[in-house]
Every structure is written in C-alpha cells, then in structure tokens.
C-alpha cells in the first residue's frame, strides 16, 4: 500500500474521531445530529441545499449501492453547518460551494445542479485537482487546530466539504449495511482471501 495514502487515511480517521468527540462533548450528540438532519430546519436556503446535494451526488454517486443523496448526506452536512460549525467554518464551506457554482456558470452558462451528471463530474474533477493541490505557503498548524484543519491545500474549504461528505456517507446506515461489510466474529486470520464482485471493504476504523 502507498504510504502517503495510508497517512491520508489515518489523518481522515483521526479527524473523524475528533469530530465525533467534539459532538459527544457538546450539545451535538450522534442522536441529536440524526434528529436535526431529519428535521425541517435548514441552514442553507433551497438553491444552496440543491447545490450541496448535486455536489454530494457527484462525489458519491449511486451505483449498485446507495449514493450520498440516498444516505441523507446533504441533510447531515446541513445539520453540521447549523449545529456544529463555527462562523469561520460555515463561511469556508459555503464559499467552497459558491466557487463550484461560479465555475459552472462561467464554463457552462448554468448552475452546477442544472448540469447533466457527466458534465458535473468533468467540472468537479478538474476543480478537485486544483483545489486539493498542495499549498507550500500555508501556515503550519499544530495540535487540535492542525488536526481539524486537515492537509495544507489550495482550497481548505473545499477539502473540508469533501471530507465531511465522504465521512457523513460512510457513517450512514446505507453505507455501513450496503457499501461495507461487518463481521462481529471474523474468525481466524487469513493472509489471503479471494476477491469477488460481491466483496466489500470491512466496516470499522481498521479498513
């Protein structure tokens, strides 16, 4: 396995643990987050919620398993904006969405959510490369601030938005029951197992 990928994965899991810890320590418990996501109150207005849904659907589309929209990821991210995010974080995330929308209108003459799925993917794929390019001039952060900030990239707001979408998806019931496999008692260790079309990654922090 590539070491850089392993470090990225470890960092993602550490930030997920920090997010869960922050939620458990404050008013936003997992149960409260689920309730907020299912409720009628929204942080984003209708056009921006539609934009968020289109971005989430492009990052984790429906395949043979549920996609981000099926898993309720847009509502979960919106609930995080409403109940968890600081003013600075809200600004960074909403500006990241605005940059995607502006790029779609400049290049395609219409909003991102109005584009066909293939056009959305092409645009977001190019934006992803630019936004996640390393930023050598970024300030060095340490401690919890560095942990929550994530990697030093050109567009930290987009990096955090993408991270929240992916984490919200893999913490959802559809992903845990359809996308991932869970074995309560995995049995003896096997150094090599056959991989078939039905094989799924194992759920948990060790996948």
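May I ask you to verify whether residue 77 is surrounded by 14 or more Cβ atoms within 10 Å (Cβ to Cβ), outside any helix (DSSP H, G or I) and under 13 Å from the mean Cα position of the chain (by Cα)? It is false that residue 77 is surrounded by 14 or more Cβ atoms within 10 Å (Cβ to Cβ), outside any helix (DSSP H, G or I) and under 13 Å from the mean Cα position of the chain (by Cα). When the criteria are applied in full, residue 159 meets the requirement of being in contact with a strand residue (DSSP E or B) (Cβ under 6 Å, 6 or more places away or on another chain), assigned to a helix (DSSP H, G or I), modelled with pLDDT under 95 and on the phi < 0 side of the Ramachandran plot. Every condition in (1) modelled with pLDDT of 95 or more; (2) part of a helix (DSSP H, G or I); (3) surrounded by fewer than 19 Cβ atoms within 10 Å (Cβ to Cβ) is met by residue 129 except one, and the failing one is (1). Of all residues in the range 80-114, which are assigned to a loop (DSSP other than H, G, I, E, B), crowded, with 16+ Cβ neighbours inside 10 Å and either in contact (Cβ under 8 Å) with a residue 24 or more places away in the chain or out of contact with any helix residue (DSSP H, G or I) (no Cβ under 8 Å at 6 or more places or on another chain) (or both)? Correct list: 84, 111. The lone criterion from (1) more than 20 Å from residue 171 (Cα to Cα); (2) modelled with pLDDT of 90 or more left unmet by residue 62 is number (1).
The values are calculated or read from the model by the stated rules, or taken from the named source; none is laboratory data. This is a predicted model, so every value here is computed, not measured. Glycine also receives a Cβ, built like all others from the backbone with ideal geometry; neighbour counts cover every protein chain displayed.
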